[in-house]
Amino acid sequence: MTPKPNRHVYELGPFRLDTGNHLLLRDDEVIQLKPKVVETLLVLVESRGRVIGKDELIERLWPRPLKLRRSSKIALPVIRQQP
């Protein structure tokens with residue numbers, strides 16, 4: 001997989017979030033996540049140091065209101081379940 005030009009890797013303890021490839025790794029092992037879950041995690045990581053409200057999170061991830069509630073209800077619990 002070829003990384004995107006604006007690739008950035010965030011290191012969070014044993015985890016690495018590779019923005020170019022939309023991957024979350026733990027000790028070099030890929031954790032399989034759906035793309036929207038990775039995008040949600042990226043928004044939260046980029047907002048570190050401040051509280052991000054649900055409305056802002058939704059606005060940044062789901063500009064169209066139709067899929068909004070269903071997608072957010074799926075992505076956030078998946079992130080919470082990760083060890």
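Listing for the model above:
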{"read-out": "Top-ranked residue in segment 1-27 [being among the charged types (D, E, K, R) and modelled with pLDDT under 90; ranked as nearest to the chain's Cα centre (by Cα)]", "value": "R7"}
{"read-out": "Residue check, R64 among the basic types (K, R) and either part of a helix (DSSP H, G or I) or modelled with pLDDT of 70 or more (or both)", "value": "no"}
{"read-out": "Lone qualifier among L33, L41, L17 - being in a loop (DSSP other than H, G, I, E, B) and either surrounded by 12 or more Cβ atoms within 10 Å (Cβ to Cβ) or free of Cβ contacts under 8 Å to residues at least 12 places away in the same chain (or both)", "value": "L33"}
{"read-out": "Restricting segment 67-83 to residues that are closer than 20 Å to F15 by Cα and at pLDDT below 70, the residue that is farthest from the chain's Cα centre (by Cα)", "value": "P83"}
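The values are calculated or read from the model by the stated rules, or taken from the named source; none is laboratory data. None of the values given here were measured: they were computed from a predicted structure. Because the Cβ atoms are built from the backbone with ideal geometry, glycine has one as well, and the counts that use them run over all protein chains shown.
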